[in-house]
Amino acid sequence: MSQATLHAVQPASSPAAAEPILRVNNIEVIYDHVILVLKGVSLAVPEGGIVALLGANGAGKTTTLKAISNLLRAERGEVTKGTIDYNGRSIQDLTPNDLVKMGVVQVMEGRHCFGHLTVEENLLTGAYTRGDGAAAVKRDLEKVYEYFPRLKVRRSSQAGYTSGGEQQMVAIGRALMTKPKVILLDEPSMGLAPQLVEEIFEIVKQLNQKEGVSFLLAEQNTTIALKYATFGYILENGRVVMEGEAQRLMENDDVKEFYLGLAAEGRKSFKDVKHYRRRKRWL
Amino acid sequence: MDFLYNFFISPFVQIADAPLFFVEVLTGGLLSGVMYSLVALGFVLIFKASGVFNFAQGAMVLFAALFFAGFMDKGVPWWGSLILTIGVMVLLAMAIERIVLRPLVNQPHIILFMATIGVTYFLDGFGQTIWGSSVRVLDIGLPQTPLEIGGVLVNKFDIIAAVVAGSLVAALALFFQKTRIGRALRAVADDHQAALSVGIPLKTIWAIVWTVAGLVGLVAGVMWGSKLGVQFSLAMVALKALPVLILGGFTSVPGAIIGGLIIGAGEKIAEVYWADAIGGGIEDWFAYMLALMFLLFRPQGLFGDKIIERV
C-alpha cells in the first residue's frame, strides 16, 4: 500500500522540520477510566500552518483537540500516556484558563455560543483572560468585525437567535478575541450550507495569512479541509493511520476512495463498493 | 349570590370607601414584598450563573443570620460582626465550590440541585451546632416605629429594608450587565463548556457567584432576623421566595424584585379585602396560587429568559 511511500518522504516535508508550535506525542486518552479512545496519536502543527485532522465519526478527532485544550477533564477523560508540548513546553497539566492565556484556544464542535448574550457580549467573553486594557480589546473587536462584517450588523441581537453560519462566526470571532496563536477548530462545517462552509474556510485562510494564527482543524469534510490545509492526518479508531502534505493526501488512491468518494476507475456498482468496504482499511 | 357579591363587588366598594386605608395596605404589602425579593435575589444569582437551582439559599440566609447574631451576642459591634460574617460567607462559598461543585462539573442540573439539598441540611445543622437552636433577638438599632406620610402609616423599618434592597439590586444589575466578571457569569450560565473553552475559570466564577449569593443571603438574613428574630423558621422564608421566582422569572434580577412586590402587595390586599368571600388565611396560600397560574400560562415568568431553541 502507499502508506510506506508516504512515510518514506515524510521527513523532508514533515512539519517537524520547522520546529512545530504544537506537538502531540503518542498520546493515549481514556474516558471514565475504562474507555480507551486514543491509542497513540502523534501530530505536529508548524507555526503559521493549517493542519487538518481527518476521519470518520468517532475516530478521535474531537478527543485529540480536547486533549490539547484540556477540556477533557470536564468530561472525565484523561491523557494517560504521551506528551503534549506547546512551544517546547509541556502543557498537559495546565487548565484551559492557562492555555488560553498562552494562546491555545479551542472552537468547539457545534458552535456553543452563549445564547442569551448578544453577539458583541459573546465576542467580549473571549477577552476575559486578557489583561491588556480596554482599548486593546476594543481594537480587536473592530478587527473581528472587519473579518466578519455580518456580526457587526447583528452585534446587539442575542446569539441564540442568529443563524448557524453567524453562530460559527461568533464562535471563531470569540476565539480570536483571546489573541490566540493556535486555534483548535472543531468541525466548522457542521450543519452549514456548502457556500457558508467555503466562506468560513476562506476566513480561516485569511486569519492564517494575515494574523499568523496556526490552525489545527478537525473535519469530516475531507475535500474542503484538504483544499485549505497544508498538512493532513487521518485518524481511524483512535490511531493516526496516514499523514502527509495535503496535496499528497488528496492524490492518494485510498483517501480518494474512502474519504473523497472518488473511485480510481469511475463509478462502481453498489455491490462492489460494499465488498470493498468490508475489507480492512489500513489496519 | 352572597358569595358573588362578597367576591366581586364588596371589596371594591370597601376600597372606594376608604382609599387611604387601601393605600396603607398596599404600601405595607409592597414593603413586605421587598423582603421576599431579598431572599429571591440569592436564588436568581446562582441560577443565572450556574443554571443550578440552589435549594440551600434559605439555609444560607439562616446561616448568615446565625453567625451575625452570634457575633453580636458575643459583644462584637455590629460592623465588626458584619465583617466577620462576610468572611464566613466567603469561606463558605469557596468550600462549597471546592467540595460540592468541582467534582460535579458537567453533571446534569438535577444532580447539582440534589447536591444543594445536601448543602441545606449541612448548613442547618452546622449553624445550629455552633450557635444553638434557641431564638436570638437581633437588634441592630433599626427603628420599628411607624411613620406618617400624608395620612398613611408606614413602618420605618420597612422603608429602610426597601432602600437596602433597592441599592442591592441596582449594584447587582450593574455588576451583571457592565462588568467583565458579570459577563463571564452570564456566559457560564449559558454554557459551561464553551465558557471553559474561552478560558473563563469556572472555579473562580462559581466561588464569586456563591460569595455574592452568600452576601445577599446575609443582607436578607439580617433584615428578616431583626424582624422575626433569628431562628430555624428563617430558612422557611425561602419557601415564599419560590413563587416570587416563578412570577419574576428565574433569570431576572428585576424580575425577583417585581415578583416580590406583586406577591407582597397581592397577599396583603387579598387578605384584607377578600377574607369575607373566601375566608381568612389567604396570605398563607395566595403566593402559591398565583405561582400556579403563572406556571400554567407563562412558565418563564414575567421577565425570565425565553428558552431559545433553534429548529
Estimated vicinal HN-Hα couplings, Hz - the range B:121-133 in sequence order (Karplus 6.51, -1.76, 1.60; Gly, Pro = x): 5, 4, 5, 4, x, 5, x, 7, 5, 6, 9, x, 9
Which net charge results when you count Lys and Arg as +1 and Asp and Glu as -1 among the other residues whose beta-carbon is under 12 Å from that of A:His112? -3
In chain A, what % of DSSP beta bridges are antiparallel (nearest 5)? 60 percent
Within the range B:121-141, the residues whose backbone N lies under 12 Å from a label point placed 7 Å from the Cα of B:Lys74 along the Cα-to-Cβ direction are B:130-131
Relative to the longest principal axis of the C-alpha atoms of chain A, give the angle of the C-alpha long axis of helix A:194-206, reported between 0 and 90° and rounded to the nearest 10°. 70 degrees
Sorted by chain and number, the residues with a modelled amide H under 5 Å from that of A:Gly40, at a separation of 5 or more or across chains, are A:Ile27, A:Glu28, A:Val29
Proximal aspartates and glutamates relative to B:Lys48, as straight alpha-carbon distance under 12 Å, when same-chain residues fewer than 8 apart are discounted: B:Asp190, B:Asp191, B:Asp305
How long are the three semi-axes of the equivalent ellipsoid of the protein assembly as shown, in whole Å, if each is the root of 5 times an eigenvalue of the C-alpha gyration tensor, listed from largest down? 58, 26, 21
Helical mean residue ellipticity (222 nm; -39500 (n - 2.57) per DSSP H run of 4+; nearest 500) of the protein assembly as shown: -17000 deg cm²/dmol
Over 30 Å between alpha carbons, listed pairs A:Lys101/A:Lys210; A:Lys39/A:Lys143; A:Lys81/A:Lys101; B:Lys74/B:Lys178; A:Lys152/B:Lys203: A:Lys39/A:Lys143; B:Lys74/B:Lys178; A:Lys152/B:Lys203
For helix A:164-176, what angle does its Cα long axis make with the longest principal axis of chain A, in degrees from 0 to 90 and rounded to 10? 70 degrees
In order through the range B:246-261: 3J(HN,Hα) via Karplus (6.51 cos²θ - 1.76 cosθ + 1.60), integer Hz, x for Gly, Pro: 5, 5, x, x, 5, 10, 10, 5, x, x, 4, 5, 5, x, x, 5
Please list, by residue number, everything in the range B:60-86 whose backbone N is under 16 Å from a paramagnetic label point 7 Å out along Cα→Cβ of B:Val135. B:66
Lysines with Cα under 29 Å of B:Lys268, excluding same-chain neighbours fewer than 8 positions away: B:Lys156, B:Lys227, B:Lys240
Please turn the phi angles of the range B:278-292 into ³J(HN,Hα) values with the Karplus equation 6.51 cos²θ - 1.76 cosθ + 1.60 (θ = phi - 60°), one per residue in order, whole Hz, x for glycine and proline. 10, x, x, x, 4, 3, 6, 10, 4, 4, 5, 4, 4, 4, 4
Check A:Leu185: other-chain or 5+ apart residues with amide H under 5 Å from its amide H, H built from backbone geometry? A:Val107, A:Leu216, A:Leu217, A:Ala218
For chain B, the longest principal axis of the Cα atoms and the Cα long axis of helix B:78-95 enclose an angle in degrees, to the nearest 10, of 60 degrees
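Read the figures in this text as sums done on the coordinates, not as results from a lab. In this text, all values refer to a predicted model and were calculated from it rather than measured experimentally. A quick note on method: Cβ atoms are made from the backbone with ideal geometry, for glycine too, and the neighbour counts reach across all protein chains shown.
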